[in-house]
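Structure first, commentary second.
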Amino acid sequence: MAIQRTLSIIKPDAVQKNIIGKIYTKIEDAGLKIVAAAMAQLDQASAEAFYDVHRKRPFFRSLVKFMSSGPIMIQVLEGENAVAKYREIMGATDPKQAAPGTIRAEFADSIEENAVHGSDSLENAEAEIGFFFGDDEEGDDSEMFEEFEYSDDLEDGEEGEDDVFGDDEDDGHGHGGHCGHKH
Ligand code: ADP
Ligand code: MG
């Protein structure tokens, strides 16, 4: 089984409940390593862009409102089979259906306010990681946070040049705090 990376978000309900640490413990106990993390508050356009695949679903407007309602904690997880492993410890979308011991079974209140997000495939994991943590090499400015230094366990991992939030002096946008994805 390969070492993978996946995107995790601790949603506004769980940040508000002050259980970031409890969720991090579940992640760590599953053998997944947090290799990047940032707190941010999504604006409406960013939440819409992130959940674009759900644009036609009846709950889309409500989901966007919820996801932009308060700070979230965004992290990249790395480990063996990370995409499926993290989905497993998250539990089902609806906490009532979530297996005992999963994050959603223990900490989620409803099918919408369900504490965490996790990428559902390796392909989407790459896209979602790129949404928040791009590399600036092509001059592509569309991601929220500057390139960060991954752990170097991953075979094709490249050495990063910047710290997680980089140096704000040059452009003054997009690094932590309240941020919008579209500039
Ligand atoms: P998951 O987060 O488990 O991958 P989906 O991708 O299907 O689930 O949905 C994305 C998010 O939209 C869910 O995590 C949840 O916050 C919200 N959501 C999904 N289904 C519903 C629903 N029926 N009613 C309200 N919100 C929903
Ligand atoms: Mg999903």
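The numbers here are math on the coordinates, done by the rules we state, and not lab data. Predicted, not measured: the structure shown is a model, and the values here were computed from it. Glycine gets a Cβ as well: all are built from the backbone with ideal geometry, and neighbour counts include every protein chain shown.
Our analysis of the stretch 6-50 gives Rg over Rh at 1.00, with the two radii drawn from alpha carbon positions and Rh computed by the Kirkwood formula. Relative contact order of the stretch 1-97: 51 percent, from C-alpha pairs under 8 Å at least 6 residues apart in sequence. Write out the chymotrypsin sites (Phe, Trp or Tyr not before Pro) in the stretch 1-68 meeting two conditions: DSSP loop, and at most 14 other Cβ atoms within 10 Å of their Cβ. Filter output for the stretch 1-68: PHE59. Charged neighbours of ARG5, selected by a Cβ distance under 9 Å, balance to -2 (K, R count +1; D, E count -1). Extending 7 Å from Cα along the Cβ direction at ASP52 and again at GLU126 yields two label points whose distance is 1.7 nm. In plain terms, the C-alpha convex hull of the stretch 3-133 casts an average shadow of 7.0 nm² when viewed from every direction.
Listed by chain and number, the lysines placed with their C-alpha closer than 28 angstrom to that of LYS17 are LYS26, LYS33, LYS65, LYS85, LYS96; residues fewer than eight positions away on the same chain are left out. With a cut-off of 18 Å on the backbone N, the residues of the stretch 29-59 near the modelled label site 7 Å out from ALA84 along Cα-Cβ are 30-33.
Sites listed here are trypsin sites (Lys or Arg not before Pro) in the stretch 43-118 whose DSSP assignment is loop and whose Cβ has at most 14 other Cβ atoms within 10 Å: ARG55, LYS56, LYS96.
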